Amino acid sequence: MKQILFILLALALLAAACAPAEKSAKDDSPQSALLPTEAPIALQPTANAPMPDHYPVVTPLPQKTDNTIPRRADQTLDAVYLDSVNLLAMESFPPQFSLEVMGNLPTPCHQLVYEVHPPDEANKIVVDVNALGSVNAMCTEVLQPFSAVIPLGSFPEGHYTVWINGAQAAEFDGR
């Protein structure tokens, strides 16, 4: 009889130890609630605020039309595996065009590089898309998916074709 009571008492203690703790009334508020933040900084002076002596000068970064990287002797330029290419036309004046490219790099150690050439006499825009890798890098031999937007720019009136790595990918009319 003592053994049965001891076993029942041990089981009751185990069950109580495994049960979740009770919540109190003050624990009903969410713990991960966002705290109030400071008021946003006004970009323009308000009527009651004093006018500052000067505003900081912001210089935009120079825009590049390519993502080329100078190649060193220990680097290789390899092919990428393109899955899809979409032409994007921005709603601006003049219209800006970009290419959305998706595909795979040869390995995770490769870096996507591209170069956009200006249109030739036949309004053909050539875009070279490659993968820059290192000869000495030890890397897993598995494809690395990528998605990138390549800005083409704006173009005068005419019909243009876009060629990526030797294949026609898109065409559009410039304005």
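Return the long-range amide H neighbours of F155 (sequence gap of 5 or more, or a different chain), with a cut-off of under 5 Å between placed amide H atoms.
Those qualifying (amide H under 5 Å, at least 5 residues apart or on another chain) are R175.
Mind checking the full-extension length gain between T76 and M102? Use 0.36 nm per residue of separation minus the Cα-Cα distance, one decimal, nm.
Numbers: separation 26, 0.36 × 26 = 9.36 nm, distance 2.11 nm.
Residue separation times 0.36 nm, minus the Cα-Cα distance, leaves 7.3 nm.
Can you tell me the length gained on complete extension of the stretch H159 to H117, counting 0.36 nm per residue apart and subtracting the Cα distance?
13.5 nm
Students often get this wrong: which residues of segment 94-129 have the backbone nitrogen under 13 Å from the point 7 angstrom along Cα-to-C-beta of N86?
98-103
Which ordering of L14, L112, L105, L88 is given by a fewest-first count of other beta-carbon atoms within 10 Å?
Taking fewest neighbouring Cβ atoms as first place, the list is L14, L88, L112, L105.
May I ask you to sort V149, V85, V129 by Cβ crowding, counting other Cβ atoms within 10 Å and putting the fewest first?
The order, fewest Cβ neighbours first, is V149, V85, V129.
Based on the alpha-carbon gyration tensor of segment 75-174 and its eigenvalue square roots a ≥ b ≥ c, which shape applies: rounded if a/c is under 1.5, prolate if not and a/b is larger than b/c, or oblate?
Prolate.
Here, each number is a calculation from the coordinates, and none is a lab measurement. Worth saying up front: this structure is predicted, and the values here are computed from it rather than measured. Quick reminder, even Gly has a Cβ in these numbers, built from the backbone with ideal geometry, and neighbours come from all protein chains shown.
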